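Heads up: the structure comes next, in structure tokens.
What follows draws every value from the coordinates through simple rules; no lab data is involved. Small disclaimer: the values here were computed from a predicted structure and weren't measured. Cβ placement follows ideal geometry from the backbone for every residue including glycine, while neighbour counts extend to all protein chains displayed.
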Number of protein chains: 2
Amino acid sequence: MIEEILLFQIDKTSKVAKQYSQREFDRLGLNITVEQWILLKIVHESNHISQKELAEKSLRDPASITRTLDLLQKKELINRLPIPENRRQYNINLSKKGAAFVQKNMPIVDAHRKKSIEGLSEKDQQTLNNLLKRIQENMN
Amino acid sequence: MIEEILLFQIDKTSKVAKQYSQREFDRLGLNITVEQWILLKIVHESNHISQKELAEKSLRDPASITRTLDLLQKKELINRLPIPENRRQYNINLSKKGAAFVQKNMPIVDAHRKKSIEGLSEKDQQTLNNLLKRIQENMN
DNA sequence: CAGTATAAATTGATATATCAATAATTGATA
DNA sequence: TATCAATTATTGATATATCAATTTATACTG
């Protein structure tokens, strides 16, 4: 039975959480996807980052990053700044609008995170983290 | 930091495991995606199942199931059997070729599952399962 | 029985995932 | 320095995710 497989439950947990956040984003009319939010958050946490680094941090494909950044640029939430010394890559950063957007909605997303671990002790969280890390290493 | 968020690690674990299996599938020339395999496995486990039920069991959207079944049908791995008493739905089952395919490759996929939990005791696995279930409930 | 609601599958539109191929640039080296 | 290799981003092709709308069929209700 597929439900008994741990990897299936891991995937399910990820999906359920993502769907919850997406529904909330939609309900609040944020006009953004969870993947887009994650990129904004990473850009917010790093001043000046390349697309390659963004891909690594977000665990996504560079091709996918290109396309999502196109959307975020269309929404005027991020900028692609040319780097004179290296014309192969851009520095990605938040626009004013993007920074305000992240600022405003960070509490909402943080509430989702908190909700996800409701009832889990510090120790529970550490345990879970450790077990996940071990599975990740097994699959390397 | 996004790496410190449990949901991020959960998502990462799911991605890493899926990528591992997909690479193996590709390496062996199975010509199938992980999502397609999951559908085949569920169909294998249930004699006669509707697309709606398949969507529920696989945690996927009915629209997505339609498209993936189209591909599996093109590969002649599954059949859509019309139900005379209810012409709104089909019974999905494995073709001879599909049954042979599942039979042949089940050991491979099972090895991936085993690899993923290498070094985890029975108790570890139960703990992990419980923690995941609690997060799932939190996000409902 | 007619009209309406519900249900299952499909289709369309848009976003994401992934691999392969390509373009432009930079680095390495003979 | 000229050539070749490696790097970064982009594009194309195909599969999947999701929502809304549609189609076809069945169920319900007055």
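If you count, for every residue in A:125-131, the Cβ atoms of partner chains within 10 Å of its Cβ, what is the mean?
Values: counts 2, 1, 4, 10, 5, 2, 11.
Partner Cβ neighbours, averaged per residue: 5.
Could you give each residue of the stretch B:56-65 its phi-based ³J(HN,Hα) in whole Hz, using Karplus coefficients 6.51, -1.76, 1.60 with θ = phi - 60°, and x for Gly or Pro?
With coefficients 6.51, -1.76 and 1.60, one gets 5, 5, 8, 6, 10, 7, x, 4, 5, 4 Hz.
Calculate how large, on average over all directions, the projected area of the Cα convex hull of the protein assembly as shown is; give the answer in nm² to one decimal. Spell out each step's value before the answer.
On the way: hull surface 70.9 nm².
Over all viewing directions, the protein assembly as shown projects a mean Cα-hull area of 17.7 nm².
Give the average, rounded to an integer, of partner chain Cβ atoms located within 10 angstrom of each Cβ in B:14-22.
5
Check each of the trypsin sites (Lys or Arg not before Pro) in the stretch A:69-140 and keep only those in coil by DSSP with at most 13 other C-beta atoms within 10 angstrom; list them in order. Walk me through the numbers before you get to the answer.
Values: sites: A:K74, A:K75, A:R80, A:R87, A:R88, A:K96, A:K97, A:K104, A:R113, A:K114, A:K115, A:K123, A:K133, A:R134; in loops: A:K75, A:R87, A:R88.
Filter output for the stretch A:69-140: A:R87, A:R88.
Sort out for me the Cα centre separation of the stretch A:68-140 from the stretch B:109-134, rounded to whole Å.
Taking the Cα centre of each part, the stretch A:68-140 and the stretch B:109-134 sit 27 Å apart.
Using DSSP to define loop residues, name the GluC sites (Glu not before Pro) in the stretch B:83-140 whose beta-carbon has at most 15 other beta-carbon atoms within 10 Å.
When the GluC sites (Glu not before Pro) of the stretch B:83-140 are filtered for loop state and at most 15 Cβ neighbours within 10 Å, B:E85, B:E118 remain.
Amide H of B:N93: which non-local residues (sequence gap of 5 or more, or other chain) have their own amide H closer than 5 Å, using H built in the peptide plane?
B:N79, B:L81
With all distinct Cα pairs included, what does the Kirkwood hydrodynamic radius of chain A come out to in Å, to one decimal, could you say?
17.0 Å
HN-Hα J couplings of the stretch B:112-123 from phi, Karplus 6.51/-1.76/1.60, θ = phi - 60°, integer Hz, Gly and Pro as x?
Those phi angles translate into 5, 4, 4, 4, 5, 10, 4, x, 9, 6, 3, 5 Hz.
Hey, what angle do you get for helix B:34-45 against the long axis of chain B, alpha-carbon based, 0 to 90 degrees rounded to 10?
60 degrees
GNM on chain A, C-alpha springs below 10 Å: top fluctuator among A:L54, A:L72, A:L30?
Largest GNM mean-square fluctuation: A:L30.
Set the Förster distance to 35 Å, then compute FRET efficiency between A:N130 and B:K74 from the Cβ-Cβ distance, nearest 0.05.
Details: r = 43 Å, r/R0 = 1.24.
FRET efficiency, A:N130 to B:K74: 0.20.
How far apart, in nm, are two points set 7 Å out from the Cα along the Cα-to-Cβ line at A:A100 and at B:E45?
So the label points at A:A100 and B:E45 sit 5.0 nm apart.
Give, in nm to one decimal, the length gained when the segment between B:E3 and B:D26 is fully stretched (0.36 nm per residue of separation minus the Cα-Cα distance).
Going from the current span to full extension adds 5.4 nm.
What percent does the relative contact order of chain B come to when contacts are Cα pairs within less than 8 Å and at least six residues apart?
Normalised by residue count, the contact order of chain B is 18 percent.
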